[in-house]
Amino acid sequence: MCAAISAQEKLQAAMQHKIVPNQEYLLQGSVLDSSKDVLIHRLRGLADNVDEQVETFQDRERVLTLGPVSGQTLTLYVRQAMDVRPGMDQSDTPWTMRYIGQPELGDKSRPTVLRNSIDVGCTPNVLEFLSEMGFKQDYEFMCKGLMFRKGRMKILVYKVYKNKTADNWEPLSMSHVVELSVLAPQGHDAVAEDVRNFAEQLKPLVQLEKTDYRRL
Amino acid sequence: MSMQREEKALDAALDAFSQRLNDLKQSIGQTLQKLEAGHEHMSWPSLLDSFALLSGQLNNLLRVLKNEKTPLLRNRVTLPLLLSPERDEQLVRLTEGRVPAFAHDLVPHYLRTKHDPMVEERLQMVESKAASISADAAQKQVTAMNKVVNNLLDTIQQSREDWESESARAQLSQTSSVADTQQLIAAIGTVPQVNKAPSSIKTNIKANIQTHPYK
């Protein structure tokens, strides 16, 4: 118990000193499947992991909500890696839970969307745990794609699949999602410029923009 | 008085000249170093930059040479007064170790004002061959040559236009769709319930995070 308190205190202190990288600077866009290879080719040239094999991922993401309790709903994203690596059991694959805050668009001078984002690793029983807390699954989807790195930036190119029945996943639209993001502690607004500059290099192939969620 | 003025002009010209030559020498050195040390990682643009610099500096040099204020250097005579096979430390230093002694075998090369005899001979051959053709025939050849070159130029420009319009079209062709972007982003659902107020748990988290940079 004592250890738990001190861990919480440490977290509080870290928050107060603004060293927790919980701010996500984000730009989003999409690329048509037909042009995806061109984009991948360009990213291989621009990103850091040129020499290595590009990292792939396949995640199943469940969106869970709690509430509404007095008109308020909390949403959490639980992700389960589906690409079983050699020597691993399906039950060994990593699970993560994610909280995403209200996105701030800011004015035109802000290069990126800014939102709170907290990712934590979990045990596979996280779903049971959340269900006990009263969370209900809202919907789910599958992401399959590639990950690139450029400094602190993360670039994801992935296809989204939706399921009508339990194991029948169908691709959504003829495009791949492209996401460019950096996680940084509060006040590191300079990294947003890096994100914008990188996005400029992908034009006109992909238009990475601040998504105005209210207009969707 | 006029002698003095001429001297001054000559000094100034030589100064300018040696300055330009030094610049050129440095750039050549840098280019060579780049080629030797970094040829594995060198990019075309960087090599082209180096060459552009060299060409620019050569032009500067020629401009100084052709400047009206520069006295005609060809009217000057450079005359070796003393040749010596002994090693001359000062000379070594001045020439950065290239010329150890002002000796008989080197001086003719360094003070040469004419081409190498071999080059001269070949030049002579070409010139005599050119002279053997009648002016009329030469004119005809020039016209024919111009015609060929112009045709070639037209062809190249045509292909360039074709290529550019093609690549412009390729660029115009759609590589992304706004509608798809919106559909996908809506589907991955990182869209908080905007109409609803933030939950109490969310408020807690916010309280811990303290001031938001936008507020």
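Taking the criterion of being of a type outside the set (Val, Ile, Thr) and either closer than 19 Å to B:Gly189 by Cα or surrounded by 14 or more Cβ atoms within 10 Å (Cβ to Cβ) (or both), the residues of segment A:47-59 that qualify are A:Ala47, A:Asn49, A:Phe57, A:Gln58, A:Asp59. Quick one: would you say A:Asp189 is more than 10 Å from every other protein chain (Cβ to nearest Cβ) and surrounded by fewer than 20 Cβ atoms within 10 Å (Cβ to Cβ)? For A:Asp189, the condition - more than 10 Å from every other protein chain (Cβ to nearest Cβ) and surrounded by fewer than 20 Cβ atoms within 10 Å (Cβ to Cβ) - is not met.
Let me confirm something: among A:Asn168, A:Asn197, which residue is out of contact with any Leu (no Cβ under 9 Å at 6 or more places or on another chain) and more than 24 Å from A:Ser35 (Cα to Cα)?
On the way: A:Asn197 fails: more than 24 Å from A:Ser35 (Cα to Cα).
The conditions single out A:Asn168.
Residue count for segment A:197-216 under the criterion of being in a helix (DSSP H, G or I) and closer than 14 Å to A:Leu105 by Cα: the result is 3. Within segment A:17-31, does at least one residue satisfy the condition of being under 30 Å from A:Pro204 (Cα atoms), among the β-branched types (Val, Ile, Thr), within 11 Å of chain B (Cβ to nearest Cβ) and surrounded by 16 or more Cβ atoms within 10 Å (Cβ to Cβ)? Yes, segment A:17-31 has at least one match. Consider segment A:95-112 and keep the residues that are assigned to a loop (DSSP other than H, G, I, E, B) and away from every other protein chain (no Cβ under 12 Å). The one that is farthest from the chain's Cα centre (by Cα) is A:Lys108. The residues in segment A:32-62 that are within 11 Å of another protein chain (Cβ to nearest Cβ), outside any helix (DSSP H, G or I) and among the aliphatic types (A, V, I, L, M) can be counted, and the count is 1.
Look at B:Leu62 and say whether it is in the same structural domain as B:Ala13 (by TED's automatic domain parsing), surrounded by 13 or more Cβ atoms within 10 Å (Cβ to Cβ) and under 30 Å from B:Leu35 (Cβ atoms). Outline the logic, then answer.
Details: in the same structural domain as B:Ala13 (by TED's automatic domain parsing): yes; surrounded by 13 or more Cβ atoms within 10 Å (Cβ to Cβ): no; under 30 Å from B:Leu35 (Cβ atoms): yes.
Taking the combined requirement at face value, the residue does not satisfy it.
Scan segment B:103-132 for residues that are modelled with pLDDT of 85 or more and in contact with a helix residue (DSSP H, G or I) (Cβ under 8 Å, 6 or more places away or on another chain) and the total you get is 1. When the residues of segment A:74-94 are filtered to those that are in a strand (DSSP E or B) and either surrounded by 18 or more Cβ atoms within 10 Å (Cβ to Cβ) or at pLDDT below 80 (or both), the one that is nearest to the other protein chains (Cβ to nearest Cβ) is A:Leu74. Checking the stated criteria, B:Leu61 turns out to be touching a residue at least 40 places away in the same chain (Cβ under 8 Å) and not in a loop (DSSP other than H, G, I, E, B). Going residue by residue through segment B:81-97, is there one that turns out to be within 26 Å of B:Gln26 (Cβ to Cβ) and touching a Lys or Arg at 6+ places or on another chain (Cβ under 6 Å)? No; the residues of segment B:81-97 include none that is within 26 Å of B:Gln26 (Cβ to Cβ) and touching a Lys or Arg at 6+ places or on another chain (Cβ under 6 Å). When the helices (runs of 4 or more DSSP H) confined to segment B:66-185 are screened for residues that are within 14 Å of chain A (Cβ to nearest Cβ) and closer than 30 Å to A:Leu39 by Cα, those reaching at least 1 such residues are found at B:135-172.
Do the conditions hold for A:Leu130, that is, is it surrounded by 19 or more Cβ atoms within 10 Å (Cβ to Cβ) and either small (Gly, Ala, Ser) or at the interface with another protein chain (Cβ under 8 Å from one of its Cβ atoms) (or both)? No. When the criteria are applied in full, B:Leu14 meets the requirement of being aliphatic (A, V, I, L, M), surrounded by 11 or more Cβ atoms within 10 Å (Cβ to Cβ), closer than 18 Å to B:Leu65 by Cβ and without any contact (Cβ under 8 Å) to a residue 24 or more places away in the chain.
For segment B:40-58, name all the residues that are among the hydroxyl-bearing types (Ser, Thr, Tyr) and part of a helix (DSSP H, G or I). Even if it seems obvious, please write down each step before you answer.
Our first condition is that a residue be among the hydroxyl-bearing types (Ser, Thr, Tyr); within segment B:40-58, this holds for B:43, B:46, B:50, B:55.
Passing the criteria: B:Ser46, B:Ser50, B:Ser55.
Restricting attention to segment A:103-125 and to residues that are touching a helix residue (DSSP H, G or I) at 6+ places or on another chain (Cβ under 8 Å) and over 20 Å from A:Phe57 (Cα atoms), the residue that is surrounded by the most Cβ atoms within 10 Å (Cβ to Cβ) turns out to be A:Thr112.
The values are calculated or read from the model by the stated rules, or taken from the named source; none is laboratory data. The structure presented is a predicted model; accordingly, all values stated were derived computationally and were not measured. Every residue, glycine among them, receives a Cβ derived from its backbone with ideal geometry; neighbour counts consider all protein chains shown.
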